[in-house]
Amino acid sequence: MLDLVRTSLHKVLTHTAGDSFLPVRLPKDLARRVNVAIGEPICSAAELERRRAATAKLEQLKADVKAGKVAPAAPREPAPITIYFEKDRNVRQLVRIKEALEARNYKFTELEVDAATKSYVMRESRCKEDELPIVFVATTPVGGYNDVVEADVSGKLATLVFGAYGADAPAKPAHAKA
């Protein structure tokens, strides 16, 4: 019975008959606005069916979670972390960056820069020549050691590595040298 009233009122509100007549148009417009403001309880039969199907699906998912039938979500793949460095320059900074990343169990790759790579790194990270080593997460430059520590403390590094929803770090540290 209530469904019949809701769908009938929806037909009246959405029908254009009488909309050119001000005493009819104003109350209909007000009723439409109130309906939207309170979450559209007055809706079409198709919308009611869609809402009921969604509610049933949600209840089924909740029951599956309680029963343990839902498979765990696949672990997120971390974004690649690359450390660009120059041979025999700022070695202490490089060691500190590697220690900071290993402390969080992040996998990373070290790349010694040549002339072509160096111009790319300088351009993308907007840094000076003596600011190497520089850490990149995917294509986003993080910066030197101080920037890496700052990003780690603020949580920005985890967001860059695992995305907006975050994730736990990998179980054991590992890195590759190129």
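Details
- The lone exception for Leu26 - which of (1) over 30 Å from Asp152 (Cβ atoms); (2) in contact with a helix residue (DSSP H, G or I) (Cβ under 8 Å, 6 or more places away or on another chain); (3) surrounded by fewer than 14 Cβ atoms within 10 Å (Cβ to Cβ) it fails: (2)
- Positions within region 101-129 being closer than 21 Å to Val161 by Cα and touching a Phe, Trp or Tyr at 6+ places or on another chain (Cβ under 7 Å), in sequence order: Leu101, Glu110, Leu111, Val121
- Enumeration of residues in region 13-44 that are within 42 Å of the chain's Cα centre (by Cα), among the aliphatic types (A, V, I, L, M) and assigned to a helix (DSSP H, G or I): Leu13, Leu30, Ala31, Val34, Val36, Ala37
- Matching residues in region 1-18 - criterion: being hydrophobic (A, V, I, L, M, F, W, C) and within 16 Å of Gly39 (Cβ to Cβ): Leu2, Leu9, Leu13
Read the figures in this text as sums done on the coordinates, not as results from a lab. All values derive from a computational prediction rather than experimental measurement. When we count neighbours, we look across all protein chains shown, and the Cβ atoms used for this are built from the backbone with ideal geometry, even at glycine.
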